[in-house]
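The values are calculated or read from the model by the stated rules, or taken from the named source; none is laboratory data. This is a predicted model, so every value here is computed, not measured. When we count neighbours, we look across all protein chains shown, and the Cβ atoms used for this are built from the backbone with ideal geometry, even at glycine. These accessible areas exclude ligands, DNA and RNA; they are computed on the full protein's heavy atoms, side chains included. Shrake-Rupley method; radii C 1.70, N 1.55, O 1.52, S 1.80 Å.
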Amino acid sequence: MSNFPKQSRRQFIRSGTIGAGAVLSSPLFQGVSLIASERTRPTITHGLSSGDVTQTQAVVWSRCDRPAQFWVDLSTTREFAKFQTIKGSLAQPLTDFNAKAFLDQLMPGTDYFYRIYFESVETPGTFSHSQFGRFRTASSTESNIRFCWSGDTAGQGFGIDPARGGMTTYAAILERKPDFFVHSGDLIYADNPMSSEVQLEDGTIWKNLLIEAKTKVAETTDEFRQNFYYNLMDHNVRAFLAEVPVIQQWDDHEVVNNWYPGEHLLDDDRYKVKDVNLLAHRARTAYFDCNPVRPHVTDPRRIYRKIERGPLLDLFVIDLRSYRGPNTHNHQPKAGRRTDFLGENQLRWLKSELKASTATWKIICSDMPIGLVISEWQQEIYENGANAEDGPPLGRELELASLFEFIAEQEIANTHFITADVHYCASHYYSPETAGFKNFKPFWEFVSGPLHAGSFGPNQLDLTFGPELKFLGIPQDMKPFRPPSDGFQFFGEIEIDGSTQALTVRHINSAGKELWSHHLDPEA
């Protein structure tokens, strides 16, 4: 293992704090195996990351190239003067050698440093080189919080162009030193094959770093995994993930554009697999294999979850894909299966968790905006809740109205939304004064993205819930599918003051320039 001195078992026991799940086989004292040939060592293939960090829990992820045991050394100092060794999962063919370690009983408000390595199953005692990361647990007191969010990575055929610096928005976010990052969906573009070169309007050529899996749509579980691995080939992404824990949700491009359960791709000749349910099953497997996501205890394939970040902040990560009805004209006057958006169980869960939350700020992390009209290309088939009708709620809006009405009736304060999906940044203020539906509390929706994809927009606003555009980060007449090199790549930042509990939201571009900010005082 690189960069650390060899230690005897006795020295290790003195310096390392061995807790639950810990082992006495750390490579730090396996002297002979440390000089094993590079050929027999496991190799870490795509870096490391941490995620779903709360006051007492975290997940650490990595991947190697062969069957191996995953180990994590965890310390509260950079020097690893004292550390705990945690046994992670087995990297095996079933998961394509992805592995995770679930860290529990952590101390709140603490900086943790971790190093990861793999031990060969075929030649026990032979270890990979180590890699290093860090995260900070949520505080149990009213402390300052800063986090960022955005979405949409490697879309519209724009991948990693090394000559242009790669996915530079990730580097700009890292410079803000956020406590964590919310990726609001479109983690990958499994349905967007890439070519090696893209001719741009300015006469230059975008040159993609290309792998075979990115030259076709993803259909197998391995092809979906390869899309995640592709993004991890970028040095900005790997550096970012080593320093910033993530909270990840999915939207449509993790499977196929605008998908819904039960859909069949009869008219898409790119796909041999026509059953979207089968594609979604394989894509979901890849999502959990390749990311530091903590599975739900009783439903390990469930994506929606609550992330508690201390007394000032709860995040509600929702899933608007897995339980929706079919995409339709979305004008149904009565609720039913065809108007499902969150679905009955998820909606019930969200209401219950919002009501139970004692956090000052309640941020709903949505993979789609509420009031922006998103339709199938040149069709009146609507993708999200908005249906281009400004009157009373219809179709999927009925479910949203039920949620907003519940928040008002239960007097749940300080509930707002962050989202991505539409490939530009904007801020919308929703008020019953300008709405077709009146029974709700005013709230904000902050939209950001893309992280690294084509830029387009803006979208039409549906006034059923009274959104008012307060900020727009692109020209009203911007041409669609602008490349990342044009600079219309965005992320958002939310900062909560531990003393005043006030919240400040900012829109920032890929160059790190602050474009707009807004201050919110908490309701009593």
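Helix 221-231 against the longest principal axis of the chain: what's the angle in degrees, Cα atoms only, rounded to the nearest 10? Tilt relative to the chain: about 90 degrees. Rolling a 1.4 Å probe over the heavy atoms of the protein chains gives the chain an accessible area of 39 Å² per residue. Going 7 Å from the Cα of residue 201 in the Cα-to-Cβ direction, what parts of the stretch 480-524 have a backbone nitrogen less than 17 Å from that spot? Under 17 Å, as judged by backbone N against the label point of residue 201, lie 480-489 of the stretch 480-524.
Each Lys and Arg contributes +1 and each Asp and Glu -1, all at the Cβ; summed about the Cα centre of the chain, the dipole is approximately 2340 debye.
Taking a 24 Å limit on the Cα-Cα distance, which of the listed pairs 100/355; 87/306; 470/513; 306/334; 362/470 fall beyond it? Write out the running numbers ahead of the final one.
Details: 100/355 32 Å; 87/306 26 Å; 470/513 19 Å; 306/334 29 Å; 362/470 21 Å.
Distance filter (> 24 Å) returns 100/355; 87/306; 306/334.
Quick note on the stretch 221-342: its Rg to Rh ratio, both from C-alpha atoms and Rh being the Kirkwood radius, is 1.01.
Under the convention that each Lys and Arg Cβ holds +1 and each Asp and Glu Cβ holds -1, the size of the dipole of the stretch 204-294 around its Cα centre is about 260 debye.
Roughly how many debye, to the nearest 20, is the charge dipole of the stretch 307-462 about its Cα centre, given +1 on each Lys and Arg Cβ, -1 on each Asp and Glu Cβ, and no other charges? Working shown, then result.
Numbers: 13 positive and 21 negative charges, 63 e Å.
The dipole magnitude comes to about 300 debye.
Taking the empirical scaling 2.2 N^0.38 Å for compact globular proteins as reference, the stretch 197-275 has a Cα radius of gyration ratio of 1.36. Restricted to Cα atoms, the stretch 276-324 shows a radius of gyration and a Dmax of 12.6, 41 angstrom.
Taking θ as phi - 60° and the Karplus parameters 6.51, -1.76 and 1.60, the scalar couplings of the stretch 470-481 work out to 9, 7, 9, x, 10, x, 4, 10, 5, 5, x, 6 Hz in sequence order, x denoting glycine and proline. Taking label positions 7 Å along the Cα-Cβ direction at both residue 144 and residue 433, the computed distance is 3.4 nm, reported to one decimal. What list of whole percents do you get for P(r) of the stretch 408-524, with Cα-Cα distances grouped in 5 Å bins up to the one holding the largest distance? Spelled out bin by bin, the stretch 408-524 gives 2, 11, 19, 20, 18, 14, 9, 5, 1, 0 percent.
Can you give the direction-averaged projected area of the convex hull of the alpha-carbon atoms in the stretch 72-116, in nm²?
Values: hull surface 14.1 nm².
Mean projected area for the stretch 72-116: 3.5 nm², to one decimal.
Karplus-based coupling profile of the stretch 365-382, in residue order and whole Hz: 8, 9, 7, 9, x, 8, x, 8, 6, 10, 10, 4, 3, 6, 9, 8, 10, 9, with θ = phi - 60° in 6.51 cos²θ - 1.76 cosθ + 1.60 and x standing for Gly or Pro. Across the stretch 482-497, computed HN-Hα scalar couplings (Karplus, 6.51 cos²θ - 1.76 cosθ + 1.60, θ = phi - 60°) run 5, x, x, 5, 7, x, 8, 10, 9, 9, x, 9, 10, 10, 10, 7 Hz from first to last residue, x flagging Gly and Pro. Given their separation in residues at 0.36 nm each and the Cα-Cα distance between them, residue 469 and residue 273 gain 66.5 nm when the chain is fully extended. Listed by chain and number, the aspartates and glutamates placed with their C-alpha closer than 16 angstrom to that of residue 82 are 73, 111; residues fewer than eight positions away on the same chain are left out. Just the protein heavy atoms count here, and of the accessible area of the chain at 1.4 Å, carbon and sulfur take up 50 percent. Computed from these coordinates, which is semi-axes √(5λ) of the Cα gyration tensor in Å: (i) 36, 30, 20; (ii) 53, 33, 20; (iii) 39, 27, 21? Looking at semi-axes √(5λ) of the Cα gyration tensor in Å for this model, the match is (iii). The simple spin-label model puts a point 7 Å past each Cα toward its Cβ; for residue 511 and residue 409 those points are separated by 5.0 nm. Positive-end ranking of 363, 129, 331 along the dipole of the chain, with charges on Cβ about the Cα centre, is headed by 129. Relative to one another, the C-alpha centroids of the stretch 140-158 and the stretch 240-270 are positioned 17 Å apart.
Projecting the Cα atoms of 61, 448, 226 onto the charge dipole of the chain, computed from C-beta unit charges around the Cα centre, puts 61 farthest toward the positive end. For the peptides 375-383, 396-404, the ranking by mean Cβ contacts within 10 Å, running from highest to lowest, is 396-404, 375-383. Looking at 85, 425, 205, which one has the Cα that reaches farthest to the positive end of the dipole of the chain (charges on Cβ: Lys, Arg +1; Asp, Glu -1)? Selected residue: 85.
Using alpha-carbon pairs under 8 Å, 6+ residues apart, how would you state the relative contact order of the stretch 113-221 in percent?
It comes to 24 percent, rounded to a whole number.
Over the stretch 147-263, the hull volume per residue, using the convex hull of the C-alpha atoms, is 114 Å³.
Computed over the stretch 325-444, the range of Cα coordinates on each principal axis works out to 44, 32, 26 Å, biggest value leading.
Pairs of Cα atoms under 8 Å, at least six residues apart: use those to get the relative contact order of the chain, whole percent. Don't skip to the end; give the middle numbers.
Working: 1376 pairs, mean separation 70.9, N = 524.
Averaging sequence separation for qualifying contacts and normalising by length gives 14 percent for the chain.
Summarised in one figure, the compactness ratio Rg/Rh of the stretch 85-159, Cα atoms and Kirkwood Rh, is 1.08.
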